[in-house]
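Quick notes on the structure that follows.
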Amino acid sequence: MTIRPLTTFPEEVLRQKAQDVENFDEDLEELVDDMVETMREAPGVGLAAPQIGISKRIIVVEFGDEYDETVPNQLYVLINPEITKKSNATLKGIEGCLSVPGLVGEVERASAVTVVGQDLTGKKVKIRAQGWLARIFQHEIDHVNGLLYTDRAKNIWKPDQEAAESI
């Protein structure tokens, strides 16, 4: 596994709709392993392939329980992810991004989503998420669609270091 350099704004790859993954092979597994290692090292709770300069529809998310820190984190790997359903209810939350260092913003997102994609073998996967997990999936799927949280933020500011959380 290799920790890859993070791509930061205004790099063009962050503004492109990423390409679908068609080959589910050892190269994909190696890339995903590198993404997980890079996300953990950063540290973050999610990472999309464009954030390491690769225009592919791949996201990794690692998150536990927003209300119970004793619950171990779960790792999600989604290839070609899409949001198929969003709740009408929304929540505002503060987001940061490894590709937009030093800033955070208030973003309103659906409070629950259904996400479909594929696993590392190409098998279809469906995930229903709510709360912060839903927010993380929306944030990362925005990345593979060429969007940044700053496109959706109502306010953007430089936080105190201790207050910043990167997604």
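Brief remarks on what is shown
- Qualifying positions in region 62-76 - out of contact with any Asp or Glu (no Cβ under 6 Å at 6 or more places or on another chain) and either assigned to a strand (DSSP E or B) or among the aliphatic types (A, V, I, L, M) (or both): Glu62, Phe63, Gln74, Tyr76
- Cross-chain or 6+ apart pairs with Cβ under 9 Å, region 15-39 first and within 20 Å of Leu75 (Cβ to Cβ), then of a type in the set (Asp, Glu) and part of a loop (DSSP other than H, G, I, E, B): Phe24/Asp119
- For region 1-45, a residue qualifies if it is among the basic types (Lys, Arg) and in a loop (DSSP other than H, G, I, E, B), and the qualifying residues are Arg4, Lys17.
Conditions tested, residue by residue: (1) in a helix (DSSP H, G or I); (2) of a type in the set (Ser, Thr, Tyr); (3) modelled with pLDDT of 95 or more.
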position	(1), (2), (3)
Lys92	no, no, yes
Leu98	no, no, yes
Gly105	no, no, yes
Thr121	no, yes, yes
Arg128	no, no, yes
Arg135	yes, no, yes
Glu140	yes, no, yes
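- Single unsatisfied condition, Arg40 versus (1) more than 19 Å from Ile156 (Cβ to Cβ); (2) at pLDDT 95 or above; (3) of a type outside the set (Val, Ile, Thr); (4) loosely packed, with under 15 Cβ neighbours inside 10 Å: (4)
- Selection within region 137-162 - more than 22 Å from Val61 (Cα to Cα) and among the β-branched types (Val, Ile, Thr): Ile156
- For the residues Ile79, Ile167, Ile83, Ile156, the requirement of being in a strand (DSSP E or B), surrounded by 13 or more Cβ atoms within 10 Å (Cβ to Cβ) and either over 14 Å from the mean Cα position of the chain (by Cα) or at pLDDT below 95 (or both) singles out Ile156.
- Output for region 1-20, where each listed residue is out of contact with any strand residue (DSSP E or B) (no Cβ under 8 Å at 6 or more places or on another chain) and of a type in the set (A, V, I, L, M, F, W, C): Met1, Ile3, Leu6, Phe9, Val13, Leu14
- Scanning region 109-123 for residues that are surrounded by 13 or more Cβ atoms within 10 Å (Cβ to Cβ) and either over 15 Å from the mean Cα position of the chain (by Cα) or not charged (D, E, K, R) (or both) yields Ala110, Ser111, Ala112, Val113, Thr114, Val115, Val116, Gly117, Gln118, Asp119, Leu120, Gly122.
The values are calculated or read from the model by the stated rules, or taken from the named source; none is laboratory data. These numbers come from a predicted model, not from an experiment. Methodologically, a virtual Cβ is constructed for each residue, glycine included, from the backbone with ideal geometry; neighbour enumeration extends over all protein chains shown.
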